[in-house]
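Step one of this worksheet: look at the structure below.
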């Protein structure tokens, strides 16, 4: 590893700010330095993924850089799982996990994943706009404060 740059509060999978997200970009040392030890990008990713998989309370994805800059390694298609029978969020989570597990067994697919997580905290903020006006606090200030304390790192 050459060095690392981290961004707390940034979800690299969705390119959004998220208080429970983070991204670390880790450029590798030149291949001439890594070849001596047999440290290919895939080998390093595999070893690191095995270690990171042990962290139960986190969902961590490692993505190798594309062989040609500007052309990504991920993508291809998206799939949306819906709860059309009203079975609840936990059943939807189980269905999504089952689908991902089945997809990863297919020979033509690799590193299939879902960003859906039923355990992610959800917050509902009921802003009393009348009270804010009475207190001479612009609603925009309330919303900005919420963005700072809830929507960023």
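Nothing in this text is a laboratory measurement; each read-out follows from the coordinates by a stated rule. The shown structure was predicted, so the numbers you read here are calculated from the model rather than taken from an experiment. Neighbour counts run over all protein chains shown; Cβ positions are idealised from the backbone, glycine included.
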Degrees, to the nearest 10: 139-150 long Cα axis against longest axis of the chain: 30 degrees
For the chain, find the longest principal axis of its Cα atoms and tell me its angle to the long axis of helix 41-52, 0 to 90°, nearest 10. 50 degrees
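Sort 31-40, 6-15 by the packing proxy (mean of other Cβ within 10 Å over each peptide's residues), most packed first.
Result, highest mean first: 6-15, 31-40.
Rounded to two decimals, what is Rg over Rh for the chain when you use alpha-carbon atoms and the Kirkwood radius?
For the chain, the value is 1.07.
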Can you tell me the alpha carbon radius of gyration of region 1-69 divided by the globular rule-of-thumb value 2.2 N^0.38 Å? 1.23
Using only the alpha-carbon atoms, how far is helix 89-104 inclined from the longest principal axis of the chain? Give it as 0 to 90 degrees, nearest 10. 20 degrees
Debye equation applied to the C-alpha atoms of region 78-153, log10 I(q)/I(0) at 0.18 Å⁻¹: -0.82
